[in-house]
Amino acid sequence: MEFSTLLFAIENGTAIITINRPDKMNALNKDVIADLSSAMDEVYTNADIQSVILTGAGPKAFVAGADISEFLSLDAAGGAELARKGQEEVFNKIENCPKPVVAAVNGFALGGGCELAMSCHFRLASDNAKFGQPEVNLGLIPGYGGTQRLTALVGKGRAMELCMTSQMADANEALRIGLVNHVTTQEELLPRTKEIMNTINSKAPLALAKVIDCINHAGTADGYATEITRFGECFATDDMREGVGAFMEKRKAVFTGK
Ligand code: COA
């Protein structure tokens with residue numbers, strides 16, 4: 001697929017989506033949001049895509065936030081609409097994607113960039129990565145889900161401090177507080193992320209979708225009930241017959257996603 005602000009490639013079943021505005025630190029302007037929305041539609045519908053890696057172009061930034069140059073023309077309704085549209089068309093679409101979506105954070109992940117990484121199912125970072133929610137420096141607050149997802153990932157106290165001070169967490173601090181799962185060198189970031197996706201791509205696709213749905217319901221009133229329902233649904237899949245059958249027959253399972 002061709003996009004004006006993204007690179008989009010499929011390798012071994014993994015779509016690699018690279019936000020490609022390196023001269024503007026890959027900031028999320030309207031065009032990037034529209035392209036990310038279309039790219040995620042392609043991920044949802046293209047049967048050749050099993051999983052996604054989201055990363056940024058260039059050596060400095062994953063995404064340095066929403067595009068600040070678009071802010072001064074907005075009033076209260078316009079600001080709310082910017083946040084609502086972005087959340088609905090990109091951030092929630094990523095979080096609720098039935099295929100695993102992982103962020104490979106290759107530099108600054110600030111504001112909307114930190115929020116974009118947090119909407120992914122998990123995150124790896126290179127050792128030059130820096131995370132932060134610096135919106136209060138601009139008289140703003142996070143608007144793409146940051147107050148909610150950061151709190152879920154690192155806890156209320158740390159989320160409050162990060163959003164109140166605007167201080168950046170470097171990659172090792174992000175690892176320590178649970179914002180990222182792994183830290184690599186810059187060179188190793190994509191190879192390591194692809195290695196993890198290759199492992200995930202070998203698993204039962206419908207089961208992966210159900211894991212995502214259940215974990216997204218964790219902490220909600222119907223979390224346990226969702227798990228019971230999804231667990232039951234697995235028994236109606238060919239993949240469950242194949243996975244359990246292959247184990248019993250001491251052979252490798254071949255999943256079809258049915
Ligand atoms: N929106 C729009 N443009 C941005 C941007 C953003 N969020 N972040 C960076 N840019 C642009 C800069 O304006 C600059 O453009 P120019 O070359 O046309 O002047 C270019 O990207 C390079 O950024 P620069 O600030 O010169 O790089 P740096 O290495 O000195 O600093 C950052 C990097 C990320 C620390 C700094 O750009 C920054 O603080 N960005 C804003 C982060 C932020 O507040 N994000 C939350 C937004 S709600």
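When the chain is treated as a Gaussian network with alpha carbon springs shorter than 10 Å, the biggest mean-square fluctuation among D239, D75, D35 belongs to D75. Using the Cβ-Cβ distance between N12 and E173 with R0 set to 41 Å, the FRET efficiency works out to roughly 0.80. In vacuum, with every alpha carbon of segment 1-104 counted as one equal point scatterer, what does the Debye formula give for log10 I(q)/I(0) at q = 0.14, 0.21, 0.22 Å⁻¹? Two decimals, please. Debye curve over Cα of segment 1-104, log10 I(q)/I(0) at q = 0.14, 0.21, 0.22 Å⁻¹: -0.54, -1.12, -1.20.
Altogether, the Stokes-Einstein calculation at 37 °C and 0.692 mPa s, with the Kirkwood radius of segment 85-196 over Cα pairs as Rh, returns a diffusion coefficient of 236 µm²/s.
Multiplying the residue separation of A218 and I68 by 0.36 nm and removing their Cα-Cα distance gives an extension gain of 50.6 nm. Here the extension length gained between A77 and L140 equals 21.2 nm, from 0.36 nm per residue of separation less the Cα-Cα distance. Strictly greater than 22 Å: what percent of every Cα pair in segment 6-201 meets that? For segment 6-201, the share of Cα pairs beyond 22 Å comes to 42 percent. Secondary structure note: in the chain, about 25% of the DSSP beta bridges are antiparallel.
Estimated at 0.36 nm per residue, the fully extended path between S4 and F122 surpasses their Cα-Cα distance by 39.9 nm.
Convex hull of alpha carbon positions in segment 205-248: directionally averaged projected area 3.1 nm². Computed from the Cβ-Cβ distance with R0 of 25 Å, the FRET efficiency linking K156 to R84 stands at 0.55. Build a GNM of the chain with springs between Cα atoms under 10 Å apart, and of I141, I177, I228 the one that fluctuates most is I228.
Considering helices alone, the calculated mean residue ellipticity of the chain at 222 nm is -13000 deg cm²/dmol, with DSSP H runs of length four and up weighted by -39500 (n - 2.57) and normalised per residue. Summary value for segment 6-201: 20 percent relative contact order, contacts being C-alpha pairs under 8 angstrom separated by 6+ residues. For segment 56-155, averaging the sequence separation of C-alpha pairs within contact (under 8 Å, six or more residues apart) and dividing by the residue count gives a relative contact order of 31 percent. Each residue in V63, V43 was given a count of other beta-carbon atoms within 10 angstrom of its own, and listing them fewest first yields V43, V63.
Residues of segment 57-75 with amide nitrogen under 19 Å from the 7 Å Cα-to-Cβ point of D23? In segment 57-75, the label zone of D23 (backbone N under 19 Å from the point 7 Å along Cα→Cβ) covers 57-65, 67-70.
Angle of helix 156-165 to the longest C-alpha principal axis of the chain, folded into 0 to 90 degrees and rounded to 10: 30°. Of the three principal axes defined by the Cα atoms of segment 56-104, the extents in descending order read 36, 30, 8 Å. Considering only A236, L206, Y224, and ranking their Cα positions along the charge dipole of segment 190-258 that arises from unit charges at the beta-carbon of Lys, Arg, Asp and Glu, the one farthest toward the positive end is L206. Under 22 Å of direct C-alpha separation, and excluding same-chain neighbours fewer than eight residues apart, K156 reaches these lysines: K130.
Amide H contacts of A15 (H built 1.01 Å from N, in plane; Pro and chain starts excluded): Q50, S51, V52, I53 sit under 5 Å, all sequence-distant by 5 or more or on other chains. Evaluated over the Cα positions of segment 139-200, the convex hull gives a direction-averaged projected area, one quarter of its surface, of 5.4 nm².
Bear in mind these aren't lab numbers, they're just calculated from the coordinates by the rules spelled out. What you are looking at is a predicted structure, and each value in this text was computed from that prediction instead of being measured. Every residue, glycine among them, receives a Cβ derived from its backbone with ideal geometry; neighbour counts consider all protein chains shown.
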